[in-house]
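A short write-up of the structure that comes next.
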Amino acid sequence: MAAARTAARLATRLLERPWLWAFAAAFLVWLATIIFTKGQGGGEILSAALAFGTFSVIVGIGQMYVITLGPGNVDLSIPATMTFAGAASMKIMATQDSMIVVGLLIALACGAAIGVFNYGLIRLMRIPPIIATLSSSFVFQSAAIAYGRGIKIKPPPSLADFTTARIAGFPILAICTVILALVMTVVLHKTVYGRSVIAIGQNARAAKLSGIAVDFTRFVTYVMCATLAGLCGFVLSGFSGGASLNMGAEFLLASIAVVVIGGTSVAGGFANIPGLWGAALFMFLLVTMLNTFGLGAGIRLVMTGLIIITVITVAGGKSTDR
């Protein structure tokens, strides 16, 4: 009886984990797909999901930190940041392997600079984050167009090889992103900065009265989010064969969707990094499943929306930090 009660408690605690539902949904969608294809291509689909989900996780981590700051905090400049950083780094590297480190630093610097600009609009100009970051996205998207002249800029061969390489079927880039996610989990839960982000999201006034540097924490968070977007633009350019003007378009909503589906509270104060992976896999596998079923574009969009709403509803909008 004691063992049964212990098992029941463990099962209950597991079901309360906000990240569980995203992974469960991803598994069910993958299972439905391979049943439809009679078991063909299951491994390839999962491998592709890991590869493409990597980019959503990278930008999702930054967006998650921003959203955790509390209501109204969101970064809509992520697509433009990715495009600008990708175009700038690819053009400076000029397909030369010897310039990869320089290109990476340029991409990170572009992201950081955009983050500083965003927070300047928010703090100094008193513009709401959603308006500030949307406005800056137009500025930097236009800069990317002017800088890249609308031409797809190819990456150095070594960068392209690295971003598409696999070890035992697992994308190297996905492995690196798992490590990044683990590091950012430690930062969130074990550092003063991470705990400050959570505290501000729960009650900004109380956090300030307790001595937390609210403005500085917000500044660091917006800069970090934009820097990760710059990093994503760099690796996505290598993965996709070059930087293009629409390379970040799909990540505007994807960066927010993976955060919400992954179990992070949109009200702020509670974050969940493991769920980002489940959500990223779920979103890619969902599109794959609907394409496999041969549904039209309109039906795919409707079904995608309904299924995502169902997953969020079943998850119950958990607001506990796990």
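The values are calculated or read from the model by the stated rules, or taken from the named source; none is laboratory data. A quick note: this is a predicted structure, and the numbers were derived from the prediction, not measured. As a convention, Cβ positions derive from the backbone with ideal geometry for all residues, glycine included, and neighbour counts pool all protein chains shown.
Remark: pairs (first residue in segment 25-53, without any contact (Cβ under 8 Å) to a residue 40 or more places away in the chain; second residue of a type in the set (S, T, Y) and surrounded by 17 or more Cβ atoms within 10 Å (Cβ to Cβ); Cβ separation under 8 Å; 6+ apart in sequence or on different chains) = G42/T33. So is M99 touching a helix residue (DSSP H, G or I) at 6+ places or on another chain (Cβ under 8 Å), among the hydrophobic types (A, V, I, L, M, F, W, C) and closer than 15 Å to S237 by Cα or not? Criteria met by M99. Counting the residues of segment 136-178 that are in contact with a Gly (Cβ under 6 Å, 6 or more places away or on another chain) and over 21 Å from F84 (Cα atoms) gives 0.
Within segment 201-218, residues that are touching a residue at least 24 places away in the same chain (Cβ under 8 Å) reach partners that are of a type outside the set (S, T, N, Q) and part of a helix (DSSP H, G or I) with beta carbons closer than 7 Å, at six or more positions or on different chains, in the pairs A204/V214; D215/R123; T217/Y193; T217/V197; T217/I200; R218/Y119. Residue pairs whose Cβ atoms lie under 9 Å apart, sitting 6 or more positions apart in sequence or on different chains, and linking a residue in segment 183-199 that is closer than 21 Å to I58 by Cβ and aromatic (F, W, Y) to a partner that is modelled with pLDDT of 95 or more and assigned to a helix (DSSP H, G or I), are Y193/V187; Y193/T217; Y193/V220; Y193/T221.
Taking the criterion of being of a type in the set (G, A, S), more than 19 Å from F282 (Cα to Cα) and either surrounded by 11 or more Cβ atoms within 10 Å (Cβ to Cβ) or modelled with pLDDT under 75 (or both), would at least one residue in segment 9-23 satisfy it? Yes, that holds for at least one residue. Looking at this structure, is A160 under 23 Å from I122 (Cβ atoms) and in a helix (DSSP H, G or I)? Taking the combined requirement at face value, the residue does not satisfy it. Only residues that are surrounded by fewer than 17 Cβ atoms within 10 Å (Cβ to Cβ) and touching a residue at least 12 places away in the same chain (Cβ under 8 Å) were counted in segment 113-134, giving 4. Residue check: is T81 modelled with pLDDT under 95 and of a type in the set (S, T, Y)? For T81, the condition - modelled with pLDDT under 95 and of a type in the set (S, T, Y) - is not met.
Within segment 101-112, the set of residues being buried (at least 19 other Cβ atoms within 10 Å of the Cβ) and of a type in the set (V, I, T) comprises I106 only. For segment 70-97, the tally of residues that are surrounded by fewer than 24 Cβ atoms within 10 Å (Cβ to Cβ), in contact (Cβ under 8 Å) with a residue 40 or more places away in the chain and more than 14 Å from A226 (Cβ to Cβ) stands at 7. Residues in segment 257-283 that are buried (at least 23 other Cβ atoms within 10 Å of the Cβ) and hydrophobic (A, V, I, L, M, F, W, C): V258, V259, I261, A271, I273, L276, W277, A279, A280, L281, F282, M283. Hey, does segment 237-249 have a residue that's in contact (Cβ under 8 Å) with a residue 40 or more places away in the chain, closer than 26 Å to G120 by Cα and under 12 Å from the mean Cα position of the chain (by Cα)? Scanning segment 237-249 turns up at least one residue that is in contact (Cβ under 8 Å) with a residue 40 or more places away in the chain, closer than 26 Å to G120 by Cα and under 12 Å from the mean Cα position of the chain (by Cα). The set of residues from segment 233-269 being in contact with a Pro (Cβ under 8 Å, 6 or more places away or on another chain) and in a helix (DSSP H, G or I) comprises S237, G238, F251, L252. Any residue at all in segment 213-221 that is modelled with pLDDT of 95 or more and within 16 Å of the chain's Cα centre (by Cα)? The answer is yes, given that some residue of segment 213-221 is modelled with pLDDT of 95 or more and within 16 Å of the chain's Cα centre (by Cα).
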